[in-house]
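Colleague: Below is the structure I would like to discuss, written out as structure tokens.
The values are calculated or read from the model by the stated rules, or taken from the named source; none is laboratory data. Keep in mind that what you see is a predicted model, and the values were worked out from it rather than measured. Cβ atoms come from the backbone with ideal geometry, glycine included; neighbour counts cover every protein chain shown.
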Amino acid sequence: MEIILFSALLLSLVIPLLLLLRTRTSSNRRLPPGSLGFPVIGQSFSLLTALRTNTDHEWFEERIRKYGPISKLTLFGHPTVFLHGQAANKFIYTCDGNTLANKMPPSLSRILGKKIIVELNGEDHKRVRAAIVSFLRPEVLKTYVPKMDQETRNHLDVHWRGKREVQVMPVMKVLTFNVICSLVLGLEEGTIRDKLLSLFQEMTRGLLSVPINVPFTQFNRSLNASSRLKTIIMDLIRAKRSILEEQKASGHQDLITHLINAQNENPNLTSDDEIVDNVVGLMFGGYDATSSLIKQDGIVRNKAPGESLTWDDLTNMKYSWRVATEVLRLNPPFFGSFRKAIKDIEYNGYIIPKGWQVMWVSSMTHMDGNIFSDPSRFDPTRFEQQTTKPPYSFVAFGGGVRVCPGGEFAKMETLTMIHYLVTRFTWKLSLKENSFGRDPMPVFNQGLPVLVSPRKHYHSMT
Ligand code: HEM
């Protein structure tokens, strides 16, 4: 009797345990291959090191060699599935927001803000995107050309003219920041601009840090800088609103004024907090991404010395834009991006569990020899016939409903700078080797110093 009782007890304990183990193993079997590593931290430090030392391509290549185009790992506090390939890009960019939602790693969202467009989904995303796109559409961009032209010339006069050597990387960042301040914030040169620049730089340093908010961590310094930066932008909104109420200025001069006017027409369009977070977001897109593109050489047709650029000039610089596009293929400013699985997703025979992060890396399809032949070779002519490339293989500006709305703005800024650089200066690299990394945006560790000489006509211009 005791034996029967003991056996029944044993079975009643063992059977559920076996069932549980079976379910676990079967769902584990369906999870993508790879190790989640140490809880919370996982592979974050190893990836950050690879990014900073410009060995991220090899890092991802090794992962793909080991596990194939889909694998699991832990990044920045979250279990993550890494997807690779043109089909994966297409899957991510065409997935609806109820399956894969935009979700930045916590370090980014806490620093940049919860109302930034890249954190919004569904109706909120549509609403805020419509407001931003209306500011960045070509008809409006055309009206910014003279301002951008002026900012670029001033920049060359201050930072390049009369100099023997220029550190290209930091000065390009100053230029793109000034353009954003002028066009997005309507803020001209002065102490507020300088203050914003230093807070912005401090803020961006912690974007891909491990999110530990205790004194003296970079994450903590970045959070503080972000909060001070946002207070200044909020003050700017208040000042602009009171100027508009007194009808001292008309709308559409800068993004903030544009959004305040849109709010007046439809109070539900954007809140002040949304304006603040998205101004910071545009600063980030306009400053870091574009400055890492402008640091490159190009060839444009000459205009008469001193003559301003027009929108038509910019749209005619086709070769220069192909050069820039090839730079974006080889070194996309955003190395990749993240989404969050809203429900369990089946992909290629594996489960991406609800709540996990999904990550992909642009440079992996950009460097795929089956799509871009001889991928390491710098060859702008490969973009002469865009249609020959499969969709979602060149993804420097993303794709689908979240494709970058600032592409034309970045193009205008880049072409203006290329034009003035090549018509006013000649230059050569100061160093034989310029080491390069990501933090998370591309950085030249020595700042990319170049020896410059002005062209004759620029030398003689007053
Ligand atoms: C070379 C310069 C630039 C590059 C390579 C670039 C790249 C990208 C990429 C890859 C995305 C999509 C990210 C994702 O799917 O997760 C994106 C989104 C975005 N970009 Fe850019 N960008 C650049 C310049 C700009 C500029 C100048 C602005 C604004 C002035 C801007 C504003 C935005 C905004 C608002 C989004 C979010 C769109 C949405 O979620 O609907 N970008 N950008």
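Colleague: Quick one: would you say ILE116 is at pLDDT 90 or above and in contact with a Phe, Trp or Tyr (Cβ under 7 Å, 6 or more places away or on another chain)?
Modeller: In short, no.
Okay, residues lined up against (1) touching a residue at least 60 places away in the same chain (Cβ under 8 Å); (2) within 16 Å of the ligand (Cβ to nearest atom); (3) aromatic (Phe, Trp, Tyr):
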position: PHE91; (1), (2), (3): yes, yes, yes
position: CYS95; (1), (2), (3): yes, yes, no
position: PHE177; (1), (2), (3): yes, yes, yes
position: ILE180; (1), (2), (3): yes, yes, no
position: LEU183; (1), (2), (3): yes, yes, no
position: ILE192; (1), (2), (3): no, no, no
position: SER198; (1), (2), (3): no, no, no
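Colleague: Related question: Can you name the residue in segment 412-437 that is more than 8 Å from the ligand (Cβ to nearest atom) and among the charged types (D, E, K, R) and, of all such residues, is farthest from ALA131 (Cα to Cα)?
Modeller: Of segment 412-437, the ones more than 8 Å from the ligand (Cβ to nearest atom) are 412, 415-437.
The next check asks that each one be among the charged types (D, E, K, R); those that pass are 424, 428, 432-433.
Numbers: ARG424: 37, LYS428: 42, LYS432: 46, GLU433: 44 Å.
That would be LYS432.
Colleague: Follow-up. In segment 431-452, which residues are crowded, with 18+ Cβ neighbours inside 10 Å and either out of contact with any strand residue (DSSP E or B) (no Cβ under 8 Å at 6 or more places or on another chain) or among the hydroxyl-bearing types (Ser, Thr, Tyr) (or both)?
Modeller: Of everything in segment 431-452, those that are crowded, with 18+ Cβ neighbours inside 10 Å and either out of contact with any strand residue (DSSP E or B) (no Cβ under 8 Å at 6 or more places or on another chain) or among the hydroxyl-bearing types (Ser, Thr, Tyr) (or both) turn out to be ARG438, PRO440, MET441.
Colleague: Which numbered condition trips up LEU187, out of (1) loosely packed, with under 14 Cβ neighbours inside 10 Å; (2) not in a helix (DSSP H, G or I)?
Modeller: Going through (1) loosely packed, with under 14 Cβ neighbours inside 10 Å; (2) not in a helix (DSSP H, G or I) one by one, LEU187 breaks only (1).
Colleague: Okay, next question. Going residue by residue through segment 137-146, is there one that turns out to be in contact with a Leu (Cβ under 8 Å, 6 or more places away or on another chain), of a type outside the set (Lys, Arg) and modelled with pLDDT under 90? Step through it out loud before you land on a result.
Modeller: As a first pass, look at segment 137-146 and keep what is in contact with a Leu (Cβ under 8 Å, 6 or more places away or on another chain): 144-145.
Those left that are additionally of a type outside the set (Lys, Arg): 144-145.
If we keep only those that are modelled with pLDDT under 90 too, we end up with 144-145.
The answer is yes; a qualifying residue exists.
Colleague: Identify, please: which residue in segment 331-366 is within 10 Å of the ligand (Cβ to nearest atom) and closer than 16 Å to GLY97 by Cβ and is, among those, surrounded by the fewest Cβ atoms within 10 Å (Cβ to Cβ)?
Modeller: Top of the filtered list is SER337.
Colleague: Continuing with the same structure: Residue check, LYS173 against (1) of a type outside the set (Gly, Ala, Ser); (2) in contact with a helix residue (DSSP H, G or I) (Cβ under 8 Å, 6 or more places away or on another chain); (3) at pLDDT 90 or above, all met but one. Which one?
Modeller: All conditions pass for LYS173, except number (3).
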